[in-house]
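Written out below as structure tokens is the structure these notes cover.
Values in this text are rule-based calculations from the coordinates and carry no lab data. These figures come from a predicted structure and were not determined experimentally. Backbone-built Cβ (ideal geometry, glycine too); neighbour counts: all protein chains shown.
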Amino acid sequence: MLTSKEKIDSKLIKDMFPNWVDVFRNKYEELTVDVRSADEAPKFELTKKNGGSIEGTLAVHIKNPMNEAIDALIIYFNFTATFNVTLQGRNLTSIVNDLDMKLSKLKPLFDNDEPFENVAKKVGPIKKLLETAIDDFIKMGLELPLSKSIQDI
């Protein structure tokens, strides 16, 4: 499952949600972001030509700056990534060729009236964070399951 925890500059969120400062004050410069796959199992497909694709939904949990145990905002992105595959021993590794990502849903857990369309125009920096997370996840590789008898050879 894809997961990543990062610190980001609060300016990224302030730019998307102008009333963020009114709600959380302006004293927090860094925010914790927890990125997770929103799907239990994203669709993963291998092709015959040493490539593959993965598609699913990512949930970006922006933590409440006053209490990081609580989400302040969840941003959902649908994504499709295509990649080349290399087999190294039992580990399948790859490099992303193309990544398509679209904002699909917002779940602000604070008083907010910013229209979806306005936020969608400002998510570029968050998408960059997600691109890195997906690329790191795919580069990490996937250990292929082998039967016990083959593992002992």
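A few remarks follow.
- Pairs of alpha carbons in segment 5-77 whose separation is greater than 15 Å (percent): 61
- Ranking of ILE8, ILE134, ILE54 by neighbouring Cβ atoms within 10 Å, starting from the fewest: ILE8, ILE54, ILE134.
- Stretching the chain fully between GLU117 and GLU30 yields a gain of 28.8 nm (0.36 nm per residue, less the alpha carbon separation).
- Using θ = phi - 60° and Karplus 6.51 cos²θ - 1.76 cosθ + 1.60, couplings along segment 94-100 (whole Hz; Gly, Pro as x): 7, 10, 5, 8, 8, 9, 10
- Per-residue Cβ neighbour rank within 10 angstrom, fewest leading, LYS127, LYS7: LYS7, LYS127
- Exposure proxy order (Cβ contacts within 10 Å, fewest to most) of PHE116, PHE110, PHE79: PHE116, PHE110, PHE79
- Directionally averaged shadow of segment 17-130, computed from the convex hull of its alpha-carbon atoms, nm²: 8.8
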